[in-house]
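> This is the structure I want to talk about, given as structure tokens.
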Amino acid sequence: MIFPTLWCPLLTHYDDQGRIDAQRIARHLDFLAPSVRGFLVPGSTGDGWQLSDAEARTLLDVVIGLARERALQLLIGVLRPDADAMQAFMVDTIAWLKQRAGTTDLPDALRQAATLGFTFCAPHGAALTQDDIAAALDTLLAVGAPSALYQLPQVTGNEIAPQTMRTLAARHANLLMLKDTSGADRIADSGLDKVFLVRGAEGGYSHHLKLAGGRYDGFLLSTANVFGAPLNELIEHLRQGRRAEADALSSRLEAVVNAVFAAAAPLPYGNAFTNANKSLDHFMAHGPGARGVTPPRLHSGQRLPADLIDRAGAELERHGLMPVRGYLNP
């Protein structure tokens, strides 16, 4: 199986009534598709922890149709706090995909849905042992669907240890990918080579890929929602041996990301990944005039505050990353 190097946990856009906005999502995908070919839906940045099962199903129905039209590849996020809830959502989604495709064959149903498989985290709980985590993930992998694991200690309160990951990869041929957003890189640094490794932690973009002597095969970054084109350009610099150009671009991207993520972190609603990226995407969508456009709605019903929008615009301008016009503009 061939995986794209650059993946994106797609933002979920809502209309003024809080419904999933299929047209807005389509325009966002059109903006990203020339540079980003793989999408996690719903990921943390796409409100995967907040969406109800019904909302997640509606979102998947929208994005599957759009992905097929654009020849994109999907991973379905199974972001639930415990193994029972994850397994129930995955089994129900498999049944829905088969019904949607008119087949009883899972590979055929996934293929018709432009989907490579499912992504899930360790269950929540700081007190869980590695045996507890391994047992839960064993159960999910035993469903038999092509799968990726998602290391997200910021939410789960724990980490999948390198040896646990190694054991699971040896035991389950359907475990194909690991996304690590911990920033600690312990699994990648352990030399694991049985799965496709993608880094989800922001920063240091020009240093972490195997193309640059790092440990990762690719990226699955929240900021690919905004910076798909420059991240793709950075990857191409590395492929062509232009390390200085990759480092310079990486520094500009990191400066914007660090500043806007820090500004989004204190907000008492939403999650920082979503809030920061929606503030930046506001300018990608509307261009320099975005400050005069109503800020985007969040899953909670609130809208991003004007000061976060202002900060995002200022950082894009400071580092030469403000678009001339937005992708929603004619």
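> Which one is nearest to Gln17 (Cα to Cα) among residues in the stretch 268-298 that are in contact with a Phe, Trp or Tyr (Cβ under 7 Å, 6 or more places away or on another chain) and in contact (Cβ under 8 Å) with a residue 60 or more places away in the chain?
My answer is Arg297.
> Pairs only if they're at least six apart or on different chains, beta carbon under 7 angstrom, first in the stretch 27-44 and over 14 Å from Leu231 (Cα atoms), second in a loop (DSSP other than H, G, I, E, B) and of a type in the set (Gly, Ala, Ser); list them, first residue then second.
From the stretch 27-44, the pairs are Pro42/Gly48.
> Still on this structure, I have one more. Hey, can you tell me all the residues within the stretch 215-245 that are more than 23 Å from His319 (Cβ to Cβ), in contact with a Gly (Cβ under 9 Å, 6 or more places away or on another chain) and of a type in the set (Gly, Ala, Ser)?
Within the stretch 215-245, Gly218 is the sole residue that qualifies.
> Has the stretch 66-80 got at least one residue that is more than 18 Å from Ala145 (Cα to Cα) and of a type in the set (Val, Ile, Thr)?
No.
> Out of all the residues in the stretch 287-306, is one or more in contact with a Gly (Cβ under 6 Å, 6 or more places away or on another chain), within 14 Å of Asn225 (Cβ to Cβ), surrounded by 19 or more Cβ atoms within 10 Å (Cβ to Cβ) and modelled with pLDDT of 95 or more?
no
> Within the stretch 170-200, which residues are part of a loop (DSSP other than H, G, I, E, B), at pLDDT 95 or above, of a type in the set (A, V, I, L, M, F, W, C) and farther than 14 Å from Gly218 by Cβ?
Ala173, Ala184
> Please verify whether the stretch 223-230 includes one or more residues that are under 30 Å from Pro330 (Cα atoms) and not in a helix (DSSP H, G or I).
yes
> Which one is nearest to the chain's Cα centre (by Cα) among residues in the stretch 117-144 that are of a type in the set (A, V, I, L, M) and either assigned to a helix (DSSP H, G or I) or crowded, with 21+ Cβ neighbours inside 10 Å (or both)?
Ala122
> Quick one: which residue in Leu211, Leu234 is out of contact with any strand residue (DSSP E or B) (no Cβ under 8 Å at 6 or more places or on another chain), in contact (Cβ under 8 Å) with a residue 24 or more places away in the chain and farther than 22 Å from Met322 by Cα?
One residue alone meets the criteria, Leu211.
> Can you name the residue in the stretch 13-26 that is in contact (Cβ under 8 Å) with a residue 40 or more places away in the chain and among the acidic types (Asp, Glu) and is also surrounded by the fewest Cβ atoms within 10 Å (Cβ to Cβ) among such residues?
The qualifying residue surrounded by the fewest Cβ atoms within 10 Å (Cβ to Cβ) is Asp16.
Okay, residues lined up against (1) of a type in the set (Phe, Trp, Tyr); (2) within 14 Å of Trp7 (Cα to Cα); (3) in contact with a Gly (Cβ under 6 Å, 6 or more places away or on another chain):
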| residue | (1), (2), (3) |
| --- | --- |
| Arg37 | no, yes, no |
| Val63 | no, no, no |
| Gln73 | no, yes, yes |
| Ala83 | no, no, no |
| Ile94 | no, no, no |
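> Would the stretch 253-261 turn up any residue that is surrounded by fewer than 19 Cβ atoms within 10 Å (Cβ to Cβ), under 21 Å from Gln154 (Cβ atoms) and polar (S, T, N, Q)?
Within the stretch 253-261, one or more residues are surrounded by fewer than 19 Cβ atoms within 10 Å (Cβ to Cβ), under 21 Å from Gln154 (Cβ atoms) and polar (S, T, N, Q).
> While we're looking at this one, here's another question. Just give me the residues in the stretch 100-116 being surrounded by fewer than 21 Cβ atoms within 10 Å (Cβ to Cβ) and either within 18 Å of the chain's Cα centre (by Cα) or closer than 24 Å to Ala188 by Cβ (or both), in sequence order.
Ala114
> Can you confirm whether the stretch 254-272 contains a residue that is at pLDDT below 95, within 21 Å of the chain's Cα centre (by Cα) and part of a helix (DSSP H, G or I)?
Scanning the stretch 254-272, I find at least one residue that is at pLDDT below 95, within 21 Å of the chain's Cα centre (by Cα) and part of a helix (DSSP H, G or I), so the answer is yes.
> Then there is this: Being in a helix (DSSP H, G or I), modelled with pLDDT of 95 or more, farther than 18 Å from Gly48 by Cα and of a type in the set (Ser, Thr, Tyr) narrows it down to one of Thr93, Thr104, Thr167, so name that one.
The conditions single out Thr167.
> Could you check the stretch 180-204 and list, in sequence order, the residues that are within 19 Å of Val36 (Cβ to Cβ) and either among the polar types (S, T, N, Q) or touching a Pro at 6+ places or on another chain (Cβ under 9 Å) (or both)?
Correct list: Thr181, Gly200.
The values are calculated or read from the model by the stated rules, or taken from the named source; none is laboratory data. The structure presented is a predicted model; accordingly, all values stated were derived computationally and were not measured. Virtual Cβ from ideal backbone geometry, glycine too; neighbours counted across all protein chains shown.
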